[in-house]
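Every number here is computed from the coordinates shown, using simple stated rules; none is lab data. Predicted model, so just to flag it, every value in this text is computed and none were measured. Glycine also receives a Cβ, built like all others from the backbone with ideal geometry; neighbour counts cover every protein chain displayed.
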Amino acid sequence: MEFAPARDPRLEECYFYHRMDLPGHGTVGSEWDLRDQVDEYLGHVDFSGKTAVDVGTASGFLCFEMEKRGAQVIGYDLSDAFDWDVVPYDGKPQREVIERTRTHLKFINNAWWFAHKALGSRARAVYGPVYEIDRRIEPVDIAVCGSILLHLRDPVLALERIAAVCRETLIIAERDVDRPIFIPEPERRPMDTWWLYPAGYYEAILKIFGFRQFNVIQHRQQHAESGQQLDLYTLTARR
Ligand SMILES: C[S@@+](CC[C@H](N)C(=O)[O-])C[C@H]1O[C@@H](n2cnc3c(N)ncnc32)[C@H](O)[C@@H]1O
């Protein structure tokens, strides 16, 4: 397992996707505020004494919260060495969009390391595409997929690979929809988002990969950037 070397970025080199309270720095971040409903987001799963991976960790709020609850955690994400699943309008992804996402990833990875230092975390980071997670980390007890599957061109392949490194419990948090929605369309050209699936779809997919017990909870989370409360679900799947 190749852990990413530690970074020590300055605050202005960071982008905090999550609103987080960092000792010595106050509250940072403006996009999503999961602080009030984090136990719902994580499906009320018991993390004590477990190993876990936070798949698509971004600025790491969930990773550090799992650690607070007693888990030994790996934060897994893309870095600026890898490409986002950009929607290939007109047959190929636009070069400038890929470059923009790489710059964004550098800032978001930096934020993880900034928070890691401020919180005195012992979590480790591994970088790579989700489709290669089974080649890049050793199996863990719990895998958390928070708001990542909507950004993937092939969520079934991703779940196959994540399931291969998940011994017990796989947690999916996604936007709550009552029917599947395919996001790309050539008029508005959203670039970084593909699918919204109801919890039942992911349940059906995870049955293929050996999961047998399922629980779904609904919760509302604060999209701090727009000031809206949005409906999400958390599906907890156990073998
Ligand atoms: C919307 S953020 C979710 C952050 C956090 N998991 C949460 O639930 O608050 C999506 C995360 O997935 C990561 N991601 C997107 N596509 C990925 C891919 N193909 N492989 C690995 N990570 C990916 C992004 O870099 C980002 O950190």
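Worth pointing out:
- Extension gain, Val177 to Ile208, is 9.0 nm, computed as 0.36 nm per intervening residue step minus the present C-alpha separation.
- Global form of segment 181-239, assessed from the alpha-carbon gyration tensor, a/c cut-off 1.5: oblate
- From least to most packed, judged by other beta carbons within 10 angstrom and beginning with the fewest, Lys92, Lys68 follow the order Lys92, Lys68.
- Exposure proxy ranking for Asp80, Asp231, based on other Cβ atoms within 10 angstrom of each Cβ and starting from the fewest, stands as Asp231, Asp80.
- Helix runs (DSSP H) in the chain reaching 24 Å along axis by Cα, Kyte-Doolittle at least -1.0: 95-119
- Under 19 Å from a label point set 7 Å out along the Cα-to-Cβ vector of Asp90, the amide N atoms of segment 187-226 belong to 187-193.
- Taking amide H as placed 1.01 Å from N in the peptide plane, Ala125 has its amide H under 5 Å from the amide H of Ala4, Gly75, each at least 5 places away in sequence or on another chain.
- Whole-Hz couplings from phi, Karplus 6.51/-1.76/1.60, listed for segment 21-31; x for Gly and Pro: 9, 10, x, x, 10, x, 8, 10, x, 9, 8
- When Arg239, Arg95 are arranged by Cβ crowding within 10 Å, least crowded first, meaning fewest neighbours, the order is Arg95, Arg239.
- DSSP loop GluC sites (Glu not before Pro) with at most 13 other Cβ within 10 Å: longest gap in the chain: 3-186
- In this structure, the amide hydrogen of Leu34, modeled 1.01 Å from its nitrogen in the peptide plane, lies closer than 5 angstrom to those of Arg19, counting only residues at least 5 positions away or on a different chain.
- Using the Karplus relation 6.51 cos²θ - 1.76 cosθ + 1.60 with θ = phi - 60°, the per-residue 3J(HN,Hα) values for segment 84-92 come to 5, 6, 5, 5, x, 4, 6, x, 7 Hz, with x marking Gly and Pro.
- Contact order normalised by residue count of the chain, Cα under 8 Å, 6+ apart, percent: 22 percent
- Here the Kirkwood formula, the inverse mean of 1/r across different C-alpha pairs, assigns the chain a hydrodynamic radius of 18.1 Å.
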